[in-house]
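This report refers to the structure that appears directly beneath it.
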Amino acid sequence: MRCEQYFEILPLYVSGDLTGNERAGLEQHLSECARCRAELDKLSEVARVLAPSDDDTLSEVEKLRLENDILRRLVCEGKTESVPRRSSVTSLIVRIAVAAAIFIVGFSVRPLLPVNNQTQPVTRATLTDLAEHGSDFTAGMRFSKQGFRLIARGKSGLIN
Amino acid sequence: MRENMVAVIHRLSNRVFGLTYRIVRDREQAKDITQDVFVKVLQEAGRIRDRDRIEPYILKSAYNAALNARHDTSRQQAKAELIGEHLSLGEPSRPDQHLENAETRSRLYRALEQLAVRQKEALALRFFAEMSVTEIARAMKISEGSVKTHISRGMHNLKERLAAGSAKEI
């Protein structure tokens with residue numbers, strides 16, 4: 001190749017798009033040609049400015065939020081086959097069924113499991129006590145190694 | 001199939017954002033364009049059959065969308081100037097003054113806009129979207145040899161324009 005031809009492909013050397021043979025030939029030529037070396041320096045500067053900087057990328061939080069927004073829109077606007085979309089009625093029925101199953105499993109499995117010292121199982125007596133506390137308690141399901149259990153918590157701590 | 005879509009979004013989100021941001025130079029606008037492009041292309045695609053084709057297509061679509069947004073911004077700027085409003089559009093809305101080469105970048109963007117359409121596109125896809133020559137060829141529907149020619153000539157022209165710009169400023 002002649003000097004002009006090497007000169008022309010210098011940008012591809014900078015961008016890393018030359019084949020092995022082309023690169024080897026150009027590097028040999030660069031060792032002998034001051035004009036091409038000077039041009040290479042200028043093109044490298046252009047490539048450096050073209051290259052991404054930190055400002056051109058998303059932070060982890062921005063990236064996560066953006067990806068979530070895209071997926072949410074794909075599901076909500078759901079015109080694609082790729083994201084299965086349930087009707088709202090079906091979705092509601094499934095949610096109710098899952099919630100019911102969790103309660104049933106929790107109550108039926110609990111008596112067979114060892115009792116944790118810190119969290120007592122809720123019995124009829126404790127439920128009566130809870131009623132006496134008025135609205136100063138909260139109740140819910142907790143999942144632990146022992147399985148699901150119904151727990152209740154008052155202002156002064158866990159109610160047994 | 002859904003996994004494919006999530007994987008494509010995860011893999012490309014930063015590249016699409018980087019590409020659009022460096023064209024419109026406004027982070028929030030770039031995020032909006034990124035979101036719109038993914039939603040539009042993936043809805044149209046329905047199922048991702050060929051990753052090698054969908055990814056260059058998404059990046060090329062992002063380039064087009066960002067370019068359109070940029071032109072809209074330029075038109076608004078021209079209008080605003082006509083009615084005597086002072087707007088600083090054309091420079092980044094969140095100026096990257098903290099960058100050492102902010103001024104060089106600004107001049108480079110202006111020089112880039114003056115390049116021939118194909119040269120500008122090839123350079124943006126290669127450097128802003130970090131696409132390979134093969135991907136660019138697929139996206140631009142031209143041969144890899146033509147892509148290399150556009151990159152080569154574009155870089156030489158860009159260097160010339162930057163040098164001319166510097167001489168003018170002096």
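Tabulated data for the structure shown
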item: Members of the stretch B:1-24 found to be touching a helix residue (DSSP H, G or I) at 6+ places or on another chain (Cβ under 7 Å) and more than 8 Å from chain A (Cβ to nearest Cβ), listed by number; result: B:V8, B:L12, B:R15, B:V16, B:L19, B:T20, B:I23, B:V24
item: Within the stretch B:100-147, helices (runs of 4 or more DSSP H) holding 2 or more residues that are more than 16 Å from the chain's Cα centre (by Cα); result: B:102-113, B:133-140
item: In the stretch A:16-50, the residues that are closer than 22 Å to B:G145 by Cα and out of contact with any helix residue (DSSP H, G or I) (no Cβ under 6 Å at 6 or more places or on another chain); result: A:G16, A:T19, A:G20, A:N21, A:E22, A:R23, A:A24, A:G25, A:E27
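Just so you know, all these numbers are worked out from the coordinates, no wet-lab data involved. This is a predicted model, so every value here is computed, not measured. No Cβ is skipped: glycine too gets one built from the backbone with ideal geometry, and neighbour counts run over all protein chains shown.
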